[in-house]
1. How many angstrom lie between the C-alpha centres of segment 191-218 and segment 34-109?
2. Within the set of other residues whose C-beta is less than 14 Å from the C-beta of GLU38, count the net charge using Lys and Arg as +1 and Asp and Glu as -1.
3. HN-Hα J couplings of segment 273-288 from phi, Karplus 6.51/-1.76/1.60, θ = phi - 60°, integer Hz, Gly and Pro as x?
4. Shape verdict for the chain, please, from the Cα gyration tensor: rounded (a/c under 1.5), prolate (a/b greater than b/c) or oblate.
5. Give me log10 I(q)/I(0) at q = 0.12, 0.15, 0.18 Å⁻¹ for segment 1-152, Debye formula, one equal scatterer per alpha-carbon, no solvent.
6. Tell me, what is the per residue accessible area of the chain in Å², probe radius 1.4 Å?
7. With every protein chain kept in the model, how would you rank TYR344, TYR35 by accessible area, 1.4 Å probe, largest at the top?
8. Between ILE139, ILE190, ILE57, where does the largest GNM mean-square fluctuation fall for the chain, given springs only between Cα atoms within less than 10 Å?
Amino acid sequence: MLDADEPLWDVLEEHLDEAEFLWGQWEQSLVAPNYTLEEVETTVEPRLFAHLDGLVIGGAAAAERLLVPALESDESTRVSAAASALLLGPVESALDTLFTVLQDLPEQRPGLVRAFACSDRADLVPRLRACLSDVDEAIVAAAAEALLFRDEPVSDALSVLLASDEPSTRSLGLRALAGEANGAAQVRAIHAGLADDDPQVVDAAISAGLLLAPAPTWTRVRARAEEPDGDLALLLLALRGQAGDHAAVAALLADPSRRPAAIHALGHVGAPEWVDACLEWLDDAAAGPLIGEMMQALTGVALEDEGLTLAVEDESLEHTPEDDLPRPDPLPTMQWWLRRRAQYEDGQRYLHGRPRTRAEVCEGLINGPMRRRPALLLDLQLAAPRGVLLRLQPRAPVARQREQLTELRRALGAR
């Protein structure tokens, strides 16, 4: 006879498998062009949370037999799902177990840090903060990454992070500066980062320098935009839009290797003349979907609903957000644009068919495609009053994002 108190192991194993799968789906939805915040909140996320809750119901037995062993998985999504279930559950030793794994299993740290970052457990923060004084720099960096995602300061670890030999760790330290109470005192670190040999460190220094050291930062942005991987700099020039900025971005349309990044950047300007400038590449497999996205953002049109797309089979080995963009049918799409071109004035920025105002950008953060939200946030930050840091984590659970959006709009004084 079956023990009445014995968990239904096949059901719990299915919960874990589904939670692993849905964690990956959730991560994709958070950066996808075909999801909005509400759609994430009502489709993928509740399904993920339901399976995590199912694992929590399994109690200590499920934790010991399924969740703790899953923390050693080679699949980051399985580690994140198992760790999240442990963080949600009542098992008192869960935190001890998770921090032992953090210390002992370097390959599992990314999945574990992601679970820490997304958890709302209050008692997790002191444990993470304690790791900031660890002798292992990698542990310090892992804890700092989770704390920064939760908008927690990491002042005690800044000197360690900024002095690291690891570019990813130096980048983490630079990203932390803008949110620190004494961030303005770290301008020298930003100057060093802007001159660093590693591109990711330079981009992190640029992100911090926009708030704390704008003059040397914008000088570096112009030079960085010319570099093969200077996509962030291209976007920043497009959003700033001072004399010569848009022309500098548009000049790279002639370079096939930089063209997609230039189109993406110009697509965040929202001015019709840049759609005109890109039309000749509508039939290009890489550029076409980005031009379609540019049109959708500017006009608010849904290309699929207008019958302006081609059916294309995704043959890529690694899925990217761009793979979810619709592929425009070149001739009908061009004809559609030319019929509506007179509705839009050169030099005027538009978003979803209306003049691009701060209120419209805020609306885009709330109801627009997930893929475009980081650039909208950056646009708002560039126009925010000096010293105002807008906090929003576009890859956080939706409930947290909604709280952050409320605070963001309050900071901007937006209705």
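The values are calculated or read from the model by the stated rules, or taken from the named source; none is laboratory data. Because the structure is predicted, anything quoted here is derived from the model rather than measured. Methodologically, a virtual Cβ is constructed for each residue, glycine included, from the backbone with ideal geometry; neighbour enumeration extends over all protein chains shown. Heavy atoms of the whole protein, side chains included, go into the accessibility calculation; ligands, DNA and RNA do not. Shrake-Rupley method; radii C 1.70, N 1.55, O 1.52, S 1.80 Å.
1. 36 Å
2. Computed value for this residue: -2.
3. Couplings: 5, 7, 5, 3, 5, 9, 4, 5, 9, 4, 8, 7, 4, 7, 7, x Hz.
4. Verdict is oblate for the chain.
5. -0.51, -0.77, -1.07
6. So the chain comes to 47 Å² accessible per residue, rounded to a whole number.
7. Descending accessible area places them as TYR35, TYR344.
8. ILE57
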